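Let me begin by presenting the structure, written as structure tokens, before commenting on it.
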Amino acid sequence: MYHLDSTAFTTIIFRSIHCIKCCCECVTNTEAQFGLRGTMLAWFRSCLSGRTFRVIFSSSTSSIVYIVCSVPQGSVLGPLLFVVYTADLEDIAEKHGVSVHTFADDTQLYLHCRCADTAIAAGQLEQCIADVGYWMSANQLSSTKTTELLWVGSRHSLSQQGCCLPVLQLGSDTITACDHDRLLGVTLSSHLSLDRHVSIVSASCFSWLRQLRRSRRSLDAESAATLVHAFVASRIDYCNAVLACAPKATTDKLQRVLNAVARVVTDTKKFERGLSRLLHTELHWLDVPERVMYKLSVMLYCCLHGQAPQYLLDVCQPVSNPAVSRDTFCKHLKTFLFAVY
């Protein structure tokens, strides 16, 4: 994530892409762009060609259909071949000066601009999306009608713009900016506040706790702990790296959830004393801020010892490096936190 100041915006486009045909094109891309040849290329070709399909129901069998495109449903090669097939997407975005993040079939286009340049940025995005549309048509891809626009900036810069933020005109469709969106299960607000995300997580956790309380008398402590970890604690810990340096008022909402979880596991009443002892001594749980710091510390350790994915290694630099300025370090820290989440 780019460094944001009071006079800057980052605009993000959320879009889903679905592949309707990929067979010979995947083999061609594998050979041309990724340099796979010989036995490896023959392995891909044998997986994608010469396949047949038929339906068997009871004692009836349909006629055989020869498959000339796509990959088998549920194939472990499906996601990999989709990445191979859509490899040109990054080149198109780079040509327009737009950055791209892809997660399976969800694609985010984003760029950074000053407040005075929002109209120019919107034009860049429109041209980029138009070229992506041409590329998709040429490569037999379809896009779902879920394109969304999010302008991200400080509260001050957003208040200055008011209702004057540009919209995107994509053919006959007009895409207006929304004030929040979900990205990999995390609700991002336009001013990067996590209050909405924390409120959604807390509401979901309390809903599960109410259901677990009804059956608590039928469960022993170990079974209750297993269910709580599966349905509640996992939601608290999911993508909690984004809560690093969050205000105490924000983390306190999740802390109240964790306190209620401890009450359910230990089968104690709401107003009984000794909550801190239950959490730290009996259950050996960390409070929410410490859970966030623990996750970041583990990820940082893995980065420093070369055990993390490359995209994290690229944004993790030692503070002791004299060539890294304070502004650069802050920018890399924000990028690291976004990449971890």
### Query
Among the residues of the stretch 200-223, which ones are under 30 Å from Val152 (Cα atoms) and open to solvent by less than 50 Å² (accessible area, probe 1.4 Å)?
Val201, Ser202, Ser204, Cys205
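Looking at Cys205, Cys245, can you tell me which residue is of a type outside the set (Lys, Arg), over 16 Å from the mean Cα position of the chain (by Cα) and modelled with pLDDT of 90 or more?
That would be Cys205, the only listed residue that is of a type outside the set (Lys, Arg), over 16 Å from the mean Cα position of the chain (by Cα) and modelled with pLDDT of 90 or more.
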### Task
Could you tell me whether any residue of the stretch 48-65 is open to solvent by less than 50 Å² (accessible area, probe 1.4 Å), over 30 Å from His156 (Cα atoms) and at pLDDT below 75?
yes
## Note on the structure
For Tyr134, the lone unmet condition from (1) at pLDDT 80 or above; (2) closer than 16 Å to Ala177 by Cα is (2)
### Query
Which residue pairs have Cβ atoms closer than 8 Å, lie 6 or more positions apart in sequence or on different chains, and pair a first residue in the stretch 83-111 that is in contact (Cβ under 8 Å) with a residue 12 or more places away in the chain and farther than 20 Å from Thr146 by Cβ with a second residue that is in a helix (DSSP H, G or I) and among the aromatic types (Phe, Trp, Tyr)?
Asp88/Trp135
#### Entry: Members of the stretch 249-286 that are open to solvent by 80 Å² or more (accessible area, probe 1.4 Å) and touching a residue at least 40 places away in the same chain (Cβ under 8 Å)
Arg256, Asp267
#### Entry: Among (1) in a helix (DSSP H, G or I); (2) out of contact with any His (no Cβ under 9 Å at 6 or more places or on another chain), the one test that Gln307 misses
(1)
### Task
Take Asp117 and decide whether it is in a helix (DSSP H, G or I) and at pLDDT 80 or above.
no
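The values are calculated or read from the model by the stated rules, or taken from the named source; none is laboratory data. Because the structure is a prediction, the values reported are computed rather than measured. Quick reminder, even Gly has a Cβ in these numbers, built from the backbone with ideal geometry, and neighbours come from all protein chains shown. SASA here: full protein model, heavy atoms, side chains in, ligands and nucleic acids out. Shrake-Rupley method; radii C 1.70, N 1.55, O 1.52, S 1.80 Å.
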